[in-house]
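Below is one structure; the comments refer to it alone.
FYI, it's all coordinate maths here, none of it is from the lab. Predicted model, so just to flag it, every value in this text is computed and none were measured. Note that we place each Cβ from the backbone using ideal geometry, even for glycine, and neighbour counts take in every protein chain shown.
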Amino acid sequence: GDAASGTGLPRGSCRGMWRLCHAKIASVRRDDVPTTNPDDPTPSTRHPSTGRLLATASFDASTAVWAQQPASGSGEWECVAVVEGHENEVKSCAWSPSGSLLATCGRDKSVWIWEVHPGHDFECVAVLNGHTQDVKQVVWHPAEDALVSVSYDDSIKVWTEDPGGDDW
């Protein structure tokens, strides 16, 4: 990608291998994806409101959050947070439409929902255990805080927060 146009991806990584998924980036070259395995694309997703945050899923059971550094003029990315909780590989990650939530899913058959706080701080607000096999992908509804997860158990689940706001 071209860093000057804001399409460049982070070089290097916080740690581990990364894969790229449904990021809304105009062009991506394999050389721009931070990975040590060229045969594995890195799942990632850009923050919906700013586009200056990128979350990447990892084989090491973590999700890294990157911030684009506009002050540098080069569009470089810096790892600003590592979100941990999954027991195995994180397969996918997705920002909610408002950008206030980040969902992750993985090989441990779970879906985690993280609330974003100022200063790139993340708090787990739910762990969803409705699948019986690896969860392959999570995607948010484009206008609501409704999350869809897809699993190798041949199921698709739709998750919404209870009206009281305490449970999913």
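Once amide H atoms are placed 1.01 Å from N in the peptide plane, what residues at a sequence separation of 5 or more from residue 128, or on another chain, have their amide H within under 5 Å of its amide H?
111, 112, 113
How much net charge surrounds residue 100 when only the other residues with a Cβ under 10 Å from the Cβ of residue 100 are counted, with Lys and Arg +1 and Asp and Glu -1? Let's see the in-between values first.
On the way: positive: none; negative: 115, 145.
Here the charged neighbours net out to -2.
Highest mean first, what order results for 86-95, 119-128 on Cβ atoms within 10 Å? Don't skip to the end; give the middle numbers.
On the way: 86-95: 22.1, 119-128: 14.3.
Taking the mean over residues of other Cβ atoms within 10 Å, the ranking is 86-95, 119-128.
Please list 3J(HN,Hα) in residue order for the stretch 107-113, calculated via the Karplus relation 6.51 cos²θ - 1.76 cosθ + 1.60 where θ = phi - 60°; whole Hz, with x for glycine and proline.
Rounded to whole hertz, the list is 5, 7, 6, 10, 10, 10, 10.
Rank by packing, highest mean first: peptides 105-114, 130-139, with packing defined as the count of other Cβ atoms within 10 Å averaged across residues.
Put in order of decreasing packing, that is 105-114, 130-139.
When the Karplus curve 6.51 cos²θ - 1.76 cosθ + 1.60 is applied with θ = phi - 60°, which whole-Hz ³J(HN,Hα) does each residue of the stretch 138-150 get, with x for Gly and Pro?
So the J values, rounded to whole Hz, are 10, 9, 8, 4, x, 10, 10, 7, 10, 10, 10, 10, 10.
Is the stretch 45-168 rounded, prolate or oblate when judged by the Cα gyration tensor, a ≥ b ≥ c being the square roots of its eigenvalues, rounded requiring a/c under 1.5 and prolate requiring a/b larger than b/c?
On the way: a/c = 1.99, a/b = 1.49, b/c = 1.34.
Prolate shape, in that a/c is at least 1.5 and a/b is the bigger ratio.
Around residue 146, under 13 Å between beta carbons, what's the net of Lys plus Arg minus Asp minus Glu among the other residues? Walk me through the numbers on the way to the answer.
Working: positive: 157; negative: 144, 145, 161, 162.
Taking every Cβ under 13 Å from that of residue 146, the sum is -3.
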